[in-house]
Amino acid sequence: MASKKETTLKEVWDKLDENQKILKDIARWIRFQNIGKLKEVLLAELDTDEKKVAFENTDGEMGIKEVAELAKAPQDTVYGWWKKWSNLGILEPSETRKGRLRKICSLEDVGIKGPKVVGTKKEEKEPPKEEKTETTSETVKA
């Protein structure tokens, strides 16, 4: 009797997993269909470089303090933007950090060029590596 319940529960879990995959596919296609409208909303709402920087760095990991510093905007202002953007549906709750928000897509995903910001995770680059050539002892920058 116990093994029949276990089998039934396993079947239910398998079906739920299958349904979740189907729903993710549906969401992906719906998002694709509406990408033009999403781009319109983003262009209208993110009308300053500060807003674009704040939006682009709302990754579900950084808090309001870090995002405000990168956007060079007061925390209260970023809070207001987040509230509005959440209501518009362009931000969603973070899956990794409870109480944090994340953008539903990057600006690049919808063909919007964002401002370059020094200090963002994406913009940090390693300094050029130095190599020594075998024939000389000169240092060559790669």
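What do you get for GluC sites (Glu not before Pro) in the stretch 20-63 restricted to DSSP loop and a cutoff of at most 16 other Cβ within 10 Å of the site's Cβ? It would help to have the intermediate numbers written out before the result.
Details: sites: E40, E45, E50, E56, E61; in loops: E61.
Sparse-neighbourhood loop GluC sites (Glu not before Pro): E61.
Quick one: Karplus J couplings for the stretch 55-62, per residue in order, coefficients 6.51, -1.76, 1.60, θ = phi - 60°, nearest Hz, x for Gly and Pro?
4, 4, 9, 7, 10, x, 9, 6
Quick check on the exposure proxy: order V41, V78 from fewest to most C-beta atoms within 10 angstrom.
So the residues, fewest neighbours to most, are V41, V78.
Using the structure shown, list the pairs from K21/K52; K37/K84; K65/K98; K10/K103 with a Cα-Cα distance above 25 Å, or answer none.
Pairs exceeding 25 Å: K21/K52; K10/K103.
What's the exposure ranking of V53, V110, going from fewest to most Cβ atoms within 10 Å?
Exposure proxy ranking, most exposed first: V110, V53.
Every number in this text was worked out from the coordinates using simple rules, so none of it is lab data. Quick caveat, the model's predicted, so the values are computed rather than measured. Here the Cβ is made from the backbone with ideal geometry for all residues, glycine too, and neighbour counts use every protein chain on show.
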